[in-house]
1. Which loop-located trypsin sites (Lys or Arg not before Pro) does region 1-65 contain, where loop means any DSSP state but H, G, I, E or B and the Cβ has at most 12 other Cβ atoms within 10 Å?
2. Less than 15 Å from a label point 7 Å out along the Cα-to-Cβ axis of K31: which backbone N atoms in region 44-85 qualify, by residue?
3. Quick one: accessible area per residue over the chain, 1.4 Å probe, rounded to a whole number of Å²?
4. Send over the per residue convex hull volume for the chain, Cα only, as a whole number of Å³.
5. Computing the accessible area with a 1.4 Å probe over protein heavy atoms, can you report the carbon and sulfur percentage for the chain?
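The values are calculated or read from the model by the stated rules, or taken from the named source; none is laboratory data. Just so we're clear, the structure is a prediction, and the values are computed from it rather than from any experiment. Here the Cβ positions follow ideal geometry from the backbone for every residue, glycine too, while neighbour counts run over all protein chains shown. For the accessible areas, the whole protein counts, side chains as well, though only heavy atoms, and no ligand, DNA or RNA atoms are used. Shrake-Rupley method; radii C 1.70, N 1.55, O 1.52, S 1.80 Å.
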Amino acid sequence: QLQLMESGGGLVQAGGSLRLSCARSGSIGIKNMAWYRQAPGKQRELVAAITSGGATNYADTVKGRFTISVDSSKNTVNLQMNDLNPEDTAVYYCYSRIGMFGRDYDYWGQGTQVTVSS
């Protein structure tokens, strides 16, 4: 059973940076890890994803500003966010899809608030 716990959210001025961290209780069978975000009144959207092999994908709106990475020694997946703007304000969720015995299982963290002021 996989458990995810986000941390690192907060309030930052435009142009600032934050580093989000997602603690993982396990990693066996993980197909990918990702960060999603959901702003008020908007649909939850993919921000960044990383496969078990290390391949990454980013939303066009965050390319060049955000970096997703996995630290196996600390059992975490991280999201470094630079050059933040007010449009980045949202609740950020850690996500993982695990494939076991021919079935996929989705796991979500509780979310961490990121607020970017003008």
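1. Working: sites: R19, R24, K31, R37, K42, R44, K63, R65; in loops: K42, R44, K63, R65.
In loop regions of region 1-65 (DSSP not H, G, I, E or B), the sparsely surrounded trypsin sites (Lys or Arg not before Pro) are K42, K63.
2. Residues passing the 15 Å test: 49-53.
3. Numbers: 6490 Å² over 118 residues.
In whole numbers, the chain has 55 Å² accessible per residue.
4. Details: hull volume 11.8 nm³, N = 118.
Cα-based convex hull of the chain, divided per residue, equals 100 Å³.
5. Working: 3090 of 6490 Å².
So the carbon and sulfur contribution to the accessible surface is 48 percent.
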